[in-house]
Amino acid sequence: MVTGFTHALVTGGAGFVGSHVCESLLRSGSRVTCVDNFATGERDNIAHLLPDPGFALVEHDVTEPLDDLPVPDGVDDVDVVLHLASAASPRDYLRLPIETLRTGSLGTEHALDFAARHRARFLLASTSEVYGDPLEHPQREDYWGNVNPVGPRSVYDEAKRYAEALTMAHHRERGANVAIARIFNTYGPRLRAGDGRMIPNFVTQALAGEPLTVHGSGNQTRSVCYVTDTVAGLLALAAGTLTGPVNIGNPQELPVWRLADEVRQLTGSGSRVVRVDEAADDPRRRCPDIGLARTELGWRPEVTLREGLRRTIDWFAAHRAAA
Ligand code: NAD
Ligand code: UDP
């Protein structure tokens, strides 16, 4: 994909999605500056990018202003800011509640200020969590959501809702060139084995021959999108002029127990699927309406669930073997 960017600044670029974004941007010919504090990211995710002369890593916490970034060839030519910095796994944001709120609020303000100073387009990586436990199904962008503002997940959901509001305020009051992507559950290589999310848990459990832990009944649904599809959607949005918000996700909806069973089958594991305690405020259904992304961006996911899971399982198996 040719994005036409000269220099992209990617906050959270050492994370799961961010590292694939950096890789894809470099491949398209853009310079990339990755800003990350490694709160939940991993050096291994970007180690292969460090020798590329077009890539720079700045270790920095976005809750501090993004002034005077130490990048060898400067940042004057940054024409797009992709703001992905934020814990994203429930286990991580429940462990880092205040940091998650500060990153979503102060961090987003600093990334918006940086983009304004450079007259760069700004893309916010928001989330399907803004819909909370949705009362409308599938979720369209004009649905306002059903979020518990004081529940344990609120630190993430409300941080992202505030980040969306702040992004729109900069757009309306200051004419900022912005885009909001609402990303639905994404999976693939470089998910952290211990990050507690469904797919890395099921895959590592199946490969280890341990029981696959399904929370509650397992009848809650998710719609999972392979990471290269998500990244293509994000870059298509960044490269255009649409503000959004725009749902980026795969509309194939499945109960969690079915996803566990798919992983079990594809790994050939003898593991059982077991039920454990339900997670607090766990959304019961989640499925994106991607009509807007289809018509306005010409984007749709291409990797099938089986193929995506196979690639993910292969990656985890190779890493397990190496470890
Ligand atoms: P991740 O935890 O792997 O990556 C997040 C990155 O942000 C990490 O590298 C982390 O170190 C960095 N970071 C966190 N706080 C920071 C701070 N204060 N300063 C600098 N860097 C900081 O998570 P991910 O799954 O790659 O998610 C990336 C983005 O996409 C997040 O904004 C998340 O909300 C959004 N998103 C992801 C999904 C998904 O399914 N993966 C779904 C919806 C939205
Ligand atoms: N889940 C599960 N077993 C696990 C991890 C997660 O059954 O080991 C469930 C979780 O309760 C939720 C779904 O899988 O219903 C997706 O969870 P995840 O943490 O991946 O993302 P979420 O969509 O909740 O942000």
Contacts under 6 angstrom Cβ, first residue in region 172-196 being acidic (Asp, Glu), partner assigned to a loop (DSSP other than H, G, I, E, B), 6 or more apart: 195/89
Residue count for region 222-249, restricted to those that are out of contact with any His (no Cβ under 9 Å at 6 or more places or on another chain) and within 16 Å of ligand 2 (Cβ to nearest atom): 8
Residues (closer than 20 Å to residue 237 by Cα and of a type in the set (D, E, K, R)) located in region 178-213: 182
Test: residue in region 217-226 that is surrounded by 21 or more Cβ atoms within 10 Å (Cβ to Cβ), in a helix (DSSP H, G or I) and of a type outside the set (A, V, I, L, M): no
Test for residue 92: is it more than 17 Å from residue 120 (Cβ to Cβ), within 9 Å of ligand 1 (Cβ to nearest atom) and not in a loop (DSSP other than H, G, I, E, B): yes
Out of 104, 74, 145, 132, sole residue that is touching a residue at least 12 places away in the same chain (Cβ under 8 Å) and out of contact with any strand residue (DSSP E or B) (no Cβ under 7 Å at 6 or more places or on another chain): 104
For residue 80: the one exception among (1) in contact (Cβ under 8 Å) with a residue 12 or more places away in the chain; (2) surrounded by fewer than 20 Cβ atoms within 10 Å (Cβ to Cβ): (2)
Residue among 62, 35 that alone is touching a Leu at 6+ places or on another chain (Cβ under 8 Å), at pLDDT 95 or above, in a loop (DSSP other than H, G, I, E, B) and closer than 23 Å to residue 192 by Cα: 62
Residues being away from ligand 2 (no atom under 16 Å from the Cβ) and in a helix (DSSP H, G or I) - total across region 158-197: 13
Residue, nearest to residue 88 (Cα to Cα), within region 33-57, restricted to residues that are acidic (Asp, Glu) and more than 6 Å from ligand 1 (Cβ to nearest atom): 42
Matching residues in region 114-157 - criterion: being over 30 Å from residue 67 (Cβ atoms), outside any loop (DSSP other than H, G, I, E, B) and among the small types (Gly, Ala, Ser): 128, 132, 154
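The values are calculated or read from the model by the stated rules, or taken from the named source; none is laboratory data. Bear in mind that the values here come from a model prediction, so they are computed numbers and not experimental data. Positions of Cβ are backbone-derived with ideal geometry, glycine not excepted, and every protein chain shown enters the neighbour counts.
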